[in-house]
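Here's the structure we're looking at; comments come further down.
The values are calculated or read from the model by the stated rules, or taken from the named source; none is laboratory data. Because the structure is a prediction, the values reported are computed rather than measured. Cβ coordinates were reconstructed from backbone atoms using ideal geometry, including for glycine residues, and neighbour counts include every protein chain displayed. Heads up: the accessible areas ignore ligands, DNA and RNA and are worked out on the full protein's heavy atoms, side chains in. Shrake-Rupley method; radii C 1.70, N 1.55, O 1.52, S 1.80 Å.
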Amino acid sequence: MSPCITLRACAALTLAVAVIAGASTPAGADPHAIPGTAGATTLTDVPEPTRPAFYEPPAEIPSTPGTVIRTEKADNILDPLDVSSASFDARRIMYSSLDREGNPIAVTGFVVSPRAKWVGVSKRPLISLAAGTQGMGDRCAPSRMIQQVREYEVAFMSSLLIRGYAVAMTDYQGLGTPGTHTYMDRVDQGHAVLDIARAAQKLELTDITAKSPVGVQGYSQGGGAAAAAAELAPTYAPELALKGAAVGAVPADLAPVGKNLDGGLNVAFELYATAGLLASQHIEPSTLLNPKGVAKLRAIENECVLELFNSSGLKTSTLTNDGRSISDHFADEPYRTALAENKIGNRAPKVPVLMVHSTMDDTIPYPVGVQLNKNWCAQGVSVNFRPSLVPTHAGGIVPFNAAALSWWEGRFAGIKQINTCGAWR
């Protein structure tokens, strides 16, 4: 059920990333270039395999974010024989969202809710659980991986369901639907996380209504997505009864993350981010990358996370036109401005935040998490920051999820969290 069979496989659970690459030559205004719209093509024009009909967006996408476009029963969510369907209502969903430029897009995902009546202090909570890195290919979408009993997030989702919470998980923009997945784009990911919560509240699930308390949670890529959602919620989704954000190993600043990844075991995450952010900002890859670099992006566009070791040890200086690494371009425009805009920590969530980061994270450097904590604290955010001593990025996901489970109980009970900001000024 989980890909954590070996330490090497566990490393694949890491998410991470890094970088914007490319010069600022915008693509045309052709709407078919927008991931998540009908007929969208990929960044490198590599053909995408035929996808199930459910994942094809309609020609006209509702402009109201969180509108349910279609649903279907989701089988094999918690077990291959689908025995769990007697206890849980699981649905695959397509819903509307907005990309970073305000264009309506179709996003897919799934929602699972216990069938039994909720007996907790509050109304039944809904957790928008942002997935960690899945890869770039449509076949890697969480709602497809979980159907094949290959989604590693199911272990953490199950812990939430056992407590009676409903769980929604987005596939993000362009993952499952046409076009390139906009991996690590702050706004795209934050919108997708908030809008699946809006859509889930419209499904008439047991004890889930528009007034249900909502939480956002995620680790690594998911941590970045959930953190972005918390920052965007006050203006983008103020009607949601958001009670908190539990985030782990947040890649808040892509520049140091990219530098750390280059030439290492998980350099594929940097390549995923390069493809994703070039796609979201309409940048032509060949303005930065040489033919070998463009070919590499073409290869990773259909890659899933367990194939990330195909790129291990690759130095991105071999992929660029001028022989400098991708991260070396960060000090130059337009990358410096683009990276600054994509940074998490410049906006203040209005809800309590739990943040966990391993001091021995080998993918997203611990100082990145410390700085995010300081940035939020300086803006008056209530942050409970918990450094972890469990080695590696993959290892850090275990203490994060354990901490989140008990932390949510306090948030949904209305208990004020312990604010640790005073220890980090």
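With the helix formula -39500 (n - 2.57) applied to DSSP H stretches of n ≥ 4, the chain reaches a computed 222 nm mean residue ellipticity of -8500 deg cm²/dmol.
Our note on the geometry: Cα centres of the range 107-164 and the range 235-260, 18 Å apart.
Each DSSP beta bridge with both residues in the chain is either parallel or antiparallel, and the antiparallel ones are about 50%.
The loop-placed trypsin sites (Lys or Arg not before Pro) in the range 94-135, going by DSSP, that have at most 14 neighbouring Cβ atoms within 10 Å of their Cβ come out as Arg115, Lys117.
Calculate what fraction, in whole %, of the accessible area of the chain sits on carbon and sulfur atoms when a 1.4 Å probe is rolled over the protein chains.
Of all accessible area on the chain, carbon and sulfur atoms account for 57 percent.
Proximity of backbone amide H atoms, modeled 1.01 Å from N, is registered between Thr67 and Ser96 at under 5 Å, excluding neighbours fewer than 5 places apart on the same chain. Our summary gives the chain a relative contact order of 21 percent, counting only alpha carbon pairs under 8 angstrom and 6 or more residues apart.
With springs only between Cα atoms under 10 Å, which of Ala226, Ala245, Ala86 fluctuates most in a Gaussian network model of the chain? Answer for the Gaussian network model of the chain: Ala86.
Between Glu204 and Ala86, the modelled label-to-label distance comes to 2.5 nm, taking each label 7 Å out from Cα in the direction of the beta carbon.
With an 8 Å Cα cut-off and a minimum separation of 6 or more residues, compute the relative contact order for the range 96-146 in percent. Each step should come with its number before you reach the end.
Working: 22 pairs, mean separation 13.7, N = 51.
Here the relative contact order equals 27 percent.
What do you reckon, how do Thr108, Thr287 stack up by accessible area (1.4 Å probe), largest on top?
Thr287, Thr108
Considering only Met94, Met360, Met169, the Gaussian network model of the chain with Cα springs below 10 Å gives its largest mean-square fluctuation to Met360.
Considering only Met157, Ser382, Ala106, and ranking their Cα positions along the charge dipole of the chain that arises from unit charges at the beta-carbon of Lys, Arg, Asp and Glu, the one farthest toward the positive end is Ser382.
Averaging sequence separations of C-alpha pairs under 8 Å and six or more residues apart, then dividing by the length of the range 226-358, give the relative contact order as a whole percent.
Numbers: 141 pairs, mean separation 56.9, N = 133.
About 43 percent, as a whole number.
Available extension along the chain between Lys123 and Thr318 is 64.7 nm, counting 0.36 nm per residue and deducting the alpha carbon span.
Using a Förster radius of 25 Å, what is the FRET efficiency between Asn346 and Thr420 based on their Cβ-Cβ separation? Nearest 0.05, please. Don't skip to the end; give the middle numbers.
Numbers: r = 21 Å, r/R0 = 0.83.
FRET efficiency, Asn346 to Thr420: 0.75.
Would you tally the net charge around Gly395, using a Cβ to Cβ cut-off of less than 12 Å, leaving Gly395 out, and scoring K and R as +1, D and E as -1? If you can, show how the numbers build up before the last one.
Details: positive: none; negative: Asp361, Asp362.
Local charge sum for Gly395: -2.
Would you calculate the separation in nanometres between label points at Thr359 and Asn103, each defined as 7 Å from the Cα along the Cα-to-beta-carbon direction? Distance between the two pseudo-spin positions: 4.6 nm.
Full extension of the chain segment joining Tyr236 with Ala402 gains 56.8 nm, where the gain is 0.36 nm per residue of separation less the Cα-Cα distance.
The residues of the chain have, on average, 35 Å² of accessible surface per residue, using a 1.4 Å probe with all protein chains present. If you take every residue apart from Gly176 with its C-beta less than 11 Å away from the C-beta of Gly176, what net charge results, scoring Lys and Arg +1 and Asp and Glu -1? Net charge around Gly176: 0.
Dipole check for the chain: with +1 at the C-beta of Lys and Arg, -1 at the C-beta of Asp and Glu, and the Cα centre as origin, the magnitude is about 1380 Debye.
Tell me the net charge near Thr235. Cut-off is 15 Å between Cβ atoms, Thr235 excluded, with +1 for each Lys or Arg and -1 for each Asp or Glu.
Numbers: positive: Arg100, Arg186, Arg198, Arg347, Lys350; negative: Asp195, Glu231, Glu239.
Taking every other residue near Thr235 into account, the sum is +2.
The GNM of the chain, with springs linking C-alpha atoms under 10 angstrom apart, assigns the highest mean-square fluctuation among Gly396, Gly410, Gly176 to Gly410. The protection proxy used here, the mean number of other Cβ atoms lying within 10 Å of each residue, ranks peptides 255-268, 148-161, 182-195 as follows, highest first: 182-195, 255-268, 148-161.
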